[in-house]
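The values are calculated or read from the model by the stated rules, or taken from the named source; none is laboratory data. As the structure is a computational prediction, the values presented were derived from the model and not from experiment. Using ideal geometry, Cβ is built from the backbone for each residue, glycine included, and neighbour counts are taken over all protein chains shown.
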């Protein structure tokens with residue numbers, strides 16, 4: 001028996017026989033040309049673009065989920081991006097090389113930029129660029145990668161990697177489970193297998209090199225484990241785990257239509273965080289009260305050129321219409337730091353403390369006002385709330401509010417309809433904002449605490465630096481006191497407070513956050529029902545007592561131990577799955 005451990009990418013447990021798929025490397029033809037051969041290569045590129053579009057369009061049909069359709073549309077948008085095509089054409093002309101060479105080089109430049117951004121979500125988008133590149137290379141040579149793998153029986157597919165286009169080309173009804181050597185939960189392949197309901201474990205390392213066709217396998221997409229040729233004892237234990245998982249899932253699904261109401265009637269609303277439109281279906285089926293954080297910068301990142309006002313308007317309109325009448329909070333462009341957009345040319349020695357988010361937007365009012373106008377236009381299609389990131393004090397907040405009023409007035413002059421009562425909020429993610437929360441609360445309708453940045457700025461620890469990762473502690477007394485202080489100051493001014501950092505997604509933090517007085521928690525949809533089940537099992541008084549006890553402690557180690565013991569004593573039945 002062999003056991004592989006990886007990332008649980010799509011929940012569920014399955015048994016079946018393995019089919020192993022390892023990619024043969026696709027090598028672009030690296031050929032120099034003469035000047036009189038440029039026209040021929042440009043023609044080859046043009047035909048490849050058309051054929052690649054047809055290949056992607058073949059996969060679209062009415063039976064696909066919205067998120068699957070939108071991933072395909074994202075690939076089509078990249079193909080249609082004039083900047084992407086122009087850079088390939090320029091590479092051919094400037095370097096006098098074949099179309100295949102130029103496609104590979106330009107695509108890899110984009111992919112490398114994303115992969116080295118330091119942001120996991122962006123890094124996973126690099127695979128989409130490489131997927132498009134491979135589709136184009138296939139089109140120039142007459143190959144069809146989908147022909148490399150035919151499924152004529154039900155299998156557990158074990159592969160070194162898998163591109164979205166390859167997954168679309170396969171018969172999903174024949175795939176019981178998926179095991180990949182690499183990947184991450186944020187990748188489009190991971191999003192797709194969740195949409196298709198295929199249990200999956202990714203980032204296993206070397207599974208495709210160690211498994212043989214026909215091997216009996218058990219894939220546990222909830223624990224991130226893969227068992228190959230399991231012995232009788234292991235198989236029996238896994239059967240018991242599967243039964244518990246099914247029971248647990250049934251209990252959680254009962255939470256979908258229930259309010260997040262604590263034992264004594266106190267409510268904490270649960271919202272979802274999303275990166276893009278592909279995730280809206282999951283939000284709607286999760287029982288979320290709405291979207292608490294739409295990261296609008298991802299509209300800017302997966303493309304070669306900046307999105308126009310109309311493109312942004314259509315994206316915001318779509319998410320508002322799909323979520324109506326539930327609220328959608330859209331964060332304005334939070335670029336810089338570890339979020340890179342090539343077109344904007346942000347390159348700094350210390351980007352985390354540099355020209356980013358609102359600082360960048362106030363310097364590039366052309367980009368910022370375009371986004372604000374698109375948001376205002378979209379506001380008539382649902383319940384939109386606008387949120388500004390990384391506000392450090394009153395001066396910055398006044399500046400963005402002044403700009404907002406200026407754009408509103410432009411809309412009135414141009415007779416463009418928008419929601420005159422649109423709610424405006426600010427994120428609290430730097431210590432200066434936390435310390436002056438009472439001042440900022442007088443100018444906005446709501447706060448949203450971004451604990452990912454608040455933790456790193458409060459403790460002075462770069463959350464992307466592995467050498468000091470141990471210092472990044474959500475339960476640090478300074479962090480918890482800051483959260484409590486912000487909540488109290490906001491409530492004194494009569495505004496509500498949400499928390500949208502990773503702490504909200506951690507079930508161990510849920511009761512503590514409720515006890516600290518948070519009105520709303522916004523998280524990944526995969527955590528929402530678990531958090532709801534926990535909060536519905538305790539009273540607000542118990543939560544307040546827990547928070548009071550924790551706030552009296554002097555070290556994160558003590559707090560961490562106490563919280564875990566407190567939660568496990570009460571919810572051990574929820575952590576056995």
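Values computed for the structure shown
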{"item": "Filter result for the condition that a residue is surrounded by fewer than 20 Cβ atoms within 10 Å (Cβ to Cβ) and modelled with pLDDT of 75 or more, over 133, 146, 161", "result": "161"}
{"item": "Matching residues, the stretch 212-248, being without any contact (Cβ under 8 Å) to a residue 40 or more places away in the chain and touching a strand residue (DSSP E or B) at 6+ places or on another chain (Cβ under 8 Å)", "result": "235"}
{"item": "Within the stretch 284-309, tally of residues that are within 26 Å of residue 76 (Cβ to Cβ), in contact (Cβ under 8 Å) with a residue 60 or more places away in the chain and part of a loop (DSSP other than H, G, I, E, B)", "result": "7"}
{"item": "Unique match (being modelled with pLDDT of 95 or more, in the same structural domain as residue 483 (by TED's automatic domain parsing), under 19 Å from residue 263 (Cα atoms) and more than 29 Å from the chain's Cα centre (by Cα)) among 538, 550", "result": "538"}
{"item": "Listing of helices (runs of 4 or more DSSP H) fully contained in the stretch 188-283 that carry 2 or more residues being buried (at least 23 other Cβ atoms within 10 Å of the Cβ)", "result": "188-196"}
{"item": "Residue among 511, 497, 486 that is at pLDDT 95 or above, over 19 Å from residue 272 (Cα atoms) and buried (at least 20 other Cβ atoms within 10 Å of the Cβ)", "result": "486"}
{"item": "Given (1) without any contact (Cβ under 8 Å) to a residue 40 or more places away in the chain; (2) farther than 16 Å from residue 511 by Cα, index of the condition residue 267 fails", "result": "(2)"}
{"item": "Filter result for residue 167 (closer than 21 Å to residue 15 by Cα and either modelled with pLDDT under 85 or assigned to a loop (DSSP other than H, G, I, E, B) (or both))", "result": "yes"}
